[in-house]
Amino acid sequence: MNRRRYYNPTTQEWYTEGNSITKNISNGVFSGIPSVEQLESWGYEEYIEPTPTPEELLARAKADKIAELEAYDASEVNNFSVNGKDMWLDHDVRQQLRISLDALSQAGRENVTKWFEGIEYTYPIDVWYYMLGLVEVYASDALNVTEAHKAAINALESIEEVEVYQFDGYPEKLVFGE
């Protein structure tokens with residue numbers, strides 16, 4: 001439900017239709033939901049949203065498409081599977097895992113166990129390094145595609161072009177152990 005908004009340019013106060021207000025007035029204090037006439041007598045004017053320019057509409061369409069891209073990236077791209085379980089390791093987790101693997105390798109460990117989302121994964125340390133390397137390459141390649149999509153979206157010149165823009169070109173998702 002769109003409620004009308006009012007603005008008082010003298011006091012720089014906003015009021016949204018249907019809300020209660022407490023206001024000092026010349027003959028006391030008003031508390032309640034004011035009528036349009038009361039608002040006008042207090043110096044409020046109905047605020048009419050300006051009609052956006054074509055440039056503003058295009059900028060909004062681009063911002064919406066980039067938000068859609070980021071949601072797609074987070075849910076569909078940043079993803080790989082291990083033994084049928086979908087997961088993702090963000091940059092910080094990948095860095096921590098690399099540090100942990102380095103330390104365990106230096107300590108002479110041959111097999112390493114790690115837990116992710118309540119599931120235990122045990123592999124030889126060279127398999128961990130191999131999988132982590134592939135995830136890092138995938139993440140880098142996918143990020144490059146996402147950034148290229150953002151640049152392409154920002155270069156579009158019409159709302160129609162923005163609306164039909166597709167998110168393609170991503171690397172194939174990684175699948176381990178199936």
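Express in whole angstrom the spacing between the alpha-carbon centres of the stretch 136-164 and the stretch 25-101.
20 Å
Helix-only estimate, please: 222 nm mean residue ellipticity of the chain, summing -39500 (n - 2.57) across DSSP H runs of length 4 or more and dividing by its residues, to the nearest 500. Present the calculation step by step, with values, prior to reporting the outcome.
Values: 5 runs with 78 residues, N = 178.
Computed ellipticity for the chain at 222 nm equals -14500 deg cm²/dmol.
Students often check this: by mean Cβ neighbours within 10 Å, which of 138-147, 40-49 ranks highest, and how do the rest follow?
Highest to lowest by the protection proxy: 138-147, 40-49.
Measure nothing but the geometry: give the 0 to 90° angle between the long axis through the Cα atoms of 54-72 and the longest principal axis through the Cα atoms of the chain, rounded to 10°.
40 degrees
Using unit Cβ charges (K, R positive; D, E negative) and no other charged atoms, how large, in debye to the nearest 20, is the dipole of the stretch 54-176 about its Cα centre?
The dipole of the stretch 54-176 has a size of about 620 debye.
Grab the Cα-Cα distance for A107 and I33, subtract it from 0.36 nm times how many residues apart they are, and report the gain in nm with one decimal.
19.4 nm
Which aspartates and glutamates have a Cα lying under 15 Å from the Cα of K62, excluding residues fewer than 8 positions away in the same chain?
Straight-line reach from K62, under 15 Å: E70, E147, E157, E160, E161, E163.
Using the Cα centre of the stretch 5-47 as the reference point, and only Cβ charges (+1 on K/R, -1 on D/E), how large is the resulting charge dipole? Debye, rounded to the nearest 20.
Dipole size: approximately 180 debye.
Between beta-carbons, use under 15 Å as the cut-off and find the net charge around E110, counting Lys and Arg +1, Asp and Glu -1.
Taking every other residue near E110 into account, the sum is 0.
Computed from the mean reciprocal separation of all distinct C-alpha pairs, what Kirkwood hydrodynamic radius does the chain have, in Å?
21.8 Å
Computed from the coordinates by the stated procedures, all read-outs in this text should not be read as laboratory data. Remember, predicted model here, so these are calculated numbers, not experimental data. Cβ sites come from the backbone with ideal geometry, for glycine too, and all protein chains shown count toward neighbours.
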